[in-house]
Amino acid sequence: MKKLILFAILSAVSIVVANQTTIPYQELQWDLSYLVDIVDRCHVSPWRYISRENFMKIAEEIKQKLDHPMSGTDFYKEIIYLLHYISDVHTFAGLPISDNILVFPFIPHVIDSRIFVVHDGNNLSLAPFEILKIDGKDAKDIIREMNRYTPFSTYRSLSSFFWLLPTLWDKKEFHILIKHDNERREIVVKAITLQEFEKIKKQFFKDEKYYQFTRRGNIGILRIKSFAFAIGLPEKLKEFSEFLTKVFSENKDMTDLIIDVRDNPGGSWDAPLEIISHFIDKPLIINADMYTKACEYAQEDLAAIGIRYSKELEGEIIKTKRTFTAYPKKPIFKGNVWALVNKDVFSGGKFFVYVIQKYRLGKVIGEKLLTDANITLWRPFMLPYSHLEVYIPTRMVFFGKNIEIIPDYEITLTDDEKEQFALGKSDPMLQKAIELIKSQTKEP
C-alpha cells in the first residue's frame, strides 16, 4: 500500500522519496509543463523572488534535459531545482511511495554543516554519534547536496532528506566514518525498508506527544512540537483545551510560562488560539487580509470565500477579510509569558508567535524566524505520469508588509552547544532562556 511521507520524520511537514519505475521522457515533459502551468495560474504570489520570464527560461532548460526515460527520483531531482526559485517555503513537491523504499535505520539531525545521530536502529550501543563521512564524502558536502533536493533548508527538511539518502543514491550499503565519545571509527550501515523502519521507530518514540508540560521551580514549560494534531479533529482540540485548563488550574503559583514552539511546523489555527485564550480577559480579534488566486484547478478555494469560479475571474487575486478571534478562558494566567523560538517555526507556529508579540501578550526569546509573519496556504496537485505531489500556495493570510518576527531577547548558541543539543545531552537554548527569565523576574 502506498502512502505519502510528509516533512519531517519526527513531525509532519513533507518529505520526499521516489519510486524507481522508469517513466518515458514524453510523459515527464508533459508533467513539467503541467507543473509550470499550475505555478503560473494558481500560485498566489510566485514572482516575489524570480521574474516570470526567468522562471519560464529555467523550466525550458530543464525540459531539454528530459530527453530520456527517468525514475521518479531522478525526475524529482530535476524539477525541485525549479521550485527553489520561488523561495516561499510553502512551494514544494512530494512523491507517493511504497513500504519498500530504502532509508537509513537511524534518525539523523542536521545542524549547520554537521550530522548527528541520537537514535540508531542499526547499532543501539553506538548512539549518540556524529557522522563525519559517508563513502569518503564529507558530511558538509552531503548536506550541500541535500540542499539542492529540498526547497527550504531547515534542519528538519535536511534531516529528512539525509534519512532518504539510500533512495536518493540508489544504494543499500554504506561505509560511514563516525565520531563516538571523541574517537573516530568506521562502521558499515545497511539500508532498510520504510516498513522495517516503522517497526524499529517505536523503540525510539514510545512516549512521543505533540504537547507536554513540565516545571522548573516557578517557571512552567509548555512544549508544543506541532499544531497539526488539531487539523479537522474537534475531539483532539477538545482534549488540548482540557489539558490547558488542567495545567493552569494546577499551577497557579507559576510566575512565568515558557511556550516552547521551536521547530513547530504549524497546522491548526485553533490550537494556538486555545493557548492565547488563557492570557486575555476580553475577546481578542486578530484581523488579516486573505488573498485568493482564482484558478480553474483550485475552484474550491473560491467556493470557501463564497465566490463561484468563472473563466472571467481566471488569474485574478481576490482580497477578502480574515478574522481570528480568541475568547477568554479560565483560569486566566496573570504571570509572564515567553515564546521560545528558533528559525524553523512556520505556519500556525508562526501565527502563534506573531500574536504573542503583536498584541503584547508576552516576549519572544530565541532565534529570528526565517520568514515574515504572513502565511501562505498550499493546495496539493498530482502530476499525472510521475505521480509527484506538488504543493502550491493558492491563498495568503496577510497581516502586513514586511512584518518580521524578531526576538525580544535573541539567543545565539555556540557550536559546542549545538552539538550538545543535537546529541540529546542538554538543551542550552532552553537553559539560557530560563536563566534570562530568572534575571528579569524576582523569585520568592
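What follows is calculated from the coordinates using simple rules that are stated; it is not laboratory data. Keep in mind that this is a model prediction, so the values were computed, not measured. Note that each Cβ is placed from the backbone with ideal geometry, even for glycine, and that neighbours are counted across all protein chains shown.
Alpha-carbon geometry of the range 310-350: the Rg and the Dmax are 18.8, 54 Å, given in that order. Given R0 = 51 Å, the distance between the Cβ atoms of residue 21 and residue 336 translates into a calculated FRET efficiency of 0.35.
The alpha carbon convex hull volume per residue for the chain rounds to 155 Å³. When the chain is described by a simple charge dipole with +1 on each Lys and Arg Cβ and -1 on each Asp and Glu Cβ, the residue from 129, 39, 374 located farthest towards its positive end is 374.
Highest mean first, how do 161-170, 105-114 rank when packing is the count of other Cβ atoms within 10 Å averaged over residues?
161-170, 105-114
Among 290, 382, a tally of other beta-carbon atoms within 10 Å of each Cβ gives an order, fewest to most, of 382, 290.
Between residue 213 and residue 30, the simple spin-label model (points 7 angstrom out along Cα→Cβ) gives 5.6 nm.
Extending 7 Å from the Cα toward the beta-carbon at both residue 323 and residue 170 defines two label points whose distance is 5.7 nm. Restriction of the GluC sites (Glu not before Pro) in the range 363-444 to DSSP coil positions whose beta-carbon has at most 13 other beta-carbons within 10 angstrom yields 404. With equal scatterers on the alpha carbons only and no solvent term, can you work out the Debye log10 of I(q)/I(0) for the range 221-300 at 0.13, 0.22, 0.24 1/Å? The Cα Debye sum returns log10 ratios of -0.54, -1.20, -1.30.
Farthest toward the positive end of the dipole of the chain, out of 306, 288, 276, is the Cα of 276, where the dipole comes from beta carbon charges about the Cα centre. Determine, from the Cβ-Cβ distance of residue 193 and residue 137 and an R0 of 25 Å, the FRET efficiency 1/(1 + (r/R0)^6), rounded to the nearest 0.05. The pair residue 193/residue 137 has a calculated efficiency of 0.60.
Could you work out the helix-only [θ] at 222 nm for the chain, with each DSSP H run of four or more residues adding -39,500 (n - 2.57) and the total divided by the number of residues, to the nearest 500 deg cm²/dmol?
Dividing the helical sum by the residues of the chain leaves -9500 deg cm²/dmol.
Would you pull out the residues with amide H under 5 Å of residue 339's amide H, same chain only if 5 or more places away, H placed 1.01 Å from N? Amide H neighbours of residue 339: 259, 363, 364, 365. Here the Karplus relation 6.51 cos²θ - 1.76 cosθ + 1.60, evaluated at θ = phi - 60°, turns the backbone of the range 347-361 into coupling constants of 6, x, x, 5, 4, 4, 5, 4, 5, 4, 7, 4, 9, 6, 8 Hz, with x for every Gly and Pro.
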